[in-house]
């Protein structure tokens, strides 16, 4: 995506929106290039539904990770924007992706003494869709438009100049958790030329000279080379990217977004029926919210897939529809062998649904029923894989919120697959105003942390609680750690009165130190749990004397020894009784 030197002009022909582009980037006198730029022209129908995206970012040189910040922003936006649901408007998709990216940058920079020393970068992006240009901007990188003979600066610098040689950014990605990112849209015309620059270009060249260069060099490749040459005396990295609009879709075409946002719910499907080339083999499950079908894709060598459709009950519920489309996005933007993948097909959709990879195997509830006293090492291996999948979600600022036995599969190779994202909470999404209300808790009560019923904001510790509850469930042969009283607890007082039941009462083979690790991560208060999932896993595999100092009754500490001792005592009583006759 970045260009250490001049990149040749490229003519892209996709549908009726065609552009010519070129980019230039050079470190100048600095030891490394902290600028990063890139663009993406999607294939097939995504050109119509998502458009063409181009970005430029200038990592703050005073920051300790400016280069990493600029690259992460450009790569992250170009990846994640195209994974958002096709029914989302450009503004919604862009803002949500950038908010999530900013949270990640801030979290990466928390190890530095100040925000300015962390992962900080400017960011400017242009999305061309249909006959509209959508602009997202923060910082002092710039976007210009040349129309005819007129050059206009589209963006506004978020910077304060305190001296001729010193400028401070007032807004940037990674600077704080709540960035104000400018957004606006404008109509485009054939012949419009858009120019992205970093300050190594525009602080060196006045607008009049930039305009003169663009007019003198109508070919984008010649233009970026000339601008890079003219700014050769800059003391900073210098980068620019040019997009020239060659042709646009005709005026009378409907906006495809409106068509997609009005997609009808698919009907109930029967074996033998087909939808958009997906031939139904059987219904796998039907709940109040969704239906799952096993299908094969007749457009892709009869590849088996899972088709998920929304329930017609919610056809007039916009909050439900938003959550349903989010599920697909989560499945597309996360990559882990322990997370089921959403599949983006090239066949246009005529109905609202999405497809996932087909995983053949057992749910954890089915596996537990078949293995009521499983090998402890096997359970720990399952827990390790669960943690790996959930940590992938957490790296995307996403909480799962509904980890339960029926939402986890073990495939035929013993690989754990988390299969449902219907209750996920994306931190970056919750901070953006939505026209629809979001319920506080969407998960299942048996394995969900107390935070959801208490109405407090969940953190990764809530998913840790669920993983510990699942581990307990598998080790105990299907039991729950707090017994039947768990269901009726609805305030902190009642939760704190609950008694943890040692897993060894159900499975005497579980050692005391492992039970202590489970008990800690099943604490009612989140701050009393393990501080990380890796520490929880380590304590499951290695005794921690700090967790096993509490004296327990022998029946809880070592049930097997208790029952052996009791049997021996009863035997001695019988022998003595027999001798005394």
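Scanning the stretch 38-57 for residues that are more than 21 Å from residue 95 (Cβ to Cβ) and at pLDDT 90 or above yields a total of 1. Kindly indicate whether residue 484 is out of contact with any helix residue (DSSP H, G or I) (no Cβ under 8 Å at 6 or more places or on another chain) and either without any contact (Cβ under 8 Å) to a residue 40 or more places away in the chain or not in a helix (DSSP H, G or I) (or both). In short, yes.
Within the stretch 423-455, being assigned to a loop (DSSP other than H, G, I, E, B) and modelled with pLDDT of 90 or more holds for 448, 449. Taken as a whole, the structure leaves residue 294 outside the set of residues that are outside the structural domain of residue 470 (by TED's automatic domain parsing), closer than 19 Å to residue 82 by Cβ and touching a strand residue (DSSP E or B) at 6+ places or on another chain (Cβ under 8 Å).
It is to be established whether one or more residues within the stretch 343-354 are surrounded by fewer than 16 Cβ atoms within 10 Å (Cβ to Cβ) and touching a helix residue (DSSP H, G or I) at 6+ places or on another chain (Cβ under 7 Å). Yes - at least one qualifying residue is present in the stretch 343-354.
In this entry, residue 151 passes the filter for residues that are in contact with a helix residue (DSSP H, G or I) (Cβ under 9 Å, 6 or more places away or on another chain), outside any loop (DSSP other than H, G, I, E, B), surrounded by 13 or more Cβ atoms within 10 Å (Cβ to Cβ) and assigned by TED's automatic domain parsing to the domain that holds residue 241. Looking only at the stretch 325-342, residues that are in contact with a helix residue (DSSP H, G or I) (Cβ under 8 Å, 6 or more places away or on another chain) and at pLDDT below 85 come to 3 in all.
If you check 563, 513 for being at pLDDT below 80 and surrounded by 12 or more Cβ atoms within 10 Å (Cβ to Cβ), only one passes: 563.
To keep it simple, each residue is scored yes or no on (1) touching a helix residue (DSSP H, G or I) at 6+ places or on another chain (Cβ under 8 Å); (2) modelled with pLDDT of 95 or more; (3) part of a loop (DSSP other than H, G, I, E, B); (4) farther than 20 Å from residue 343 by Cα.
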{"site": "236", "(1), (2), (3), (4)": "yes, no, yes, yes"}
{"site": "250", "(1), (2), (3), (4)": "no, no, yes, yes"}
{"site": "258", "(1), (2), (3), (4)": "no, no, no, yes"}
{"site": "266", "(1), (2), (3), (4)": "no, no, yes, no"}
{"site": "291", "(1), (2), (3), (4)": "no, no, no, no"}
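Of everything in the stretch 355-383 that's in contact with a helix residue (DSSP H, G or I) (Cβ under 6 Å, 6 or more places away or on another chain) and part of a helix (DSSP H, G or I), which residue is surrounded by the fewest Cβ atoms within 10 Å (Cβ to Cβ)? Here the residue is 365. Residue 21 meets the stated requirement of being crowded, with 21+ Cβ neighbours inside 10 Å, under 26 Å from residue 190 (Cα atoms) and modelled with pLDDT of 85 or more.
Among the listed residues 193, 198, identify the single one that is over 25 Å from residue 17 (Cβ atoms) and modelled with pLDDT of 95 or more. Every option except 198 fails the conditions.
Per-residue answers, yes or no, for (1) crowded, with 17+ Cβ neighbours inside 10 Å; (2) in contact (Cβ under 8 Å) with a residue 40 or more places away in the chain:
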position: 168; (1), (2): no, no
position: 175; (1), (2): yes, yes
position: 205; (1), (2): yes, no
position: 209; (1), (2): no, no
position: 230; (1), (2): yes, no
position: 245; (1), (2): yes, yes
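Scanning the stretch 295-321 for residues that are more than 24 Å from the chain's Cα centre (by Cα), assigned to a strand (DSSP E or B) and over 17 Å from residue 267 (Cβ atoms) gives 296, 297, 303, 304.
Kindly evaluate residue 227 against the criterion of being assigned to a helix (DSSP H, G or I) and either assigned by TED's automatic domain parsing to the domain that holds residue 65 or in contact with a helix residue (DSSP H, G or I) (Cβ under 8 Å, 6 or more places away or on another chain) (or both). Give the steps one after another, and end with the answer.
Values: assigned to a helix (DSSP H, G or I): yes; either assigned by TED's automatic domain parsing to the domain that holds residue 65 or in contact with a helix residue (DSSP H, G or I) (Cβ under 8 Å, 6 or more places away or on another chain) (or both): yes.
Here the answer is yes, as residue 227 does meet what is asked.
The values are calculated or read from the model by the stated rules, or taken from the named source; none is laboratory data. On a predicted model such as this, the values are computed, not experimentally measured, just so you know. Neighbour counts run over all protein chains shown; Cβ positions are idealised from the backbone, glycine included.
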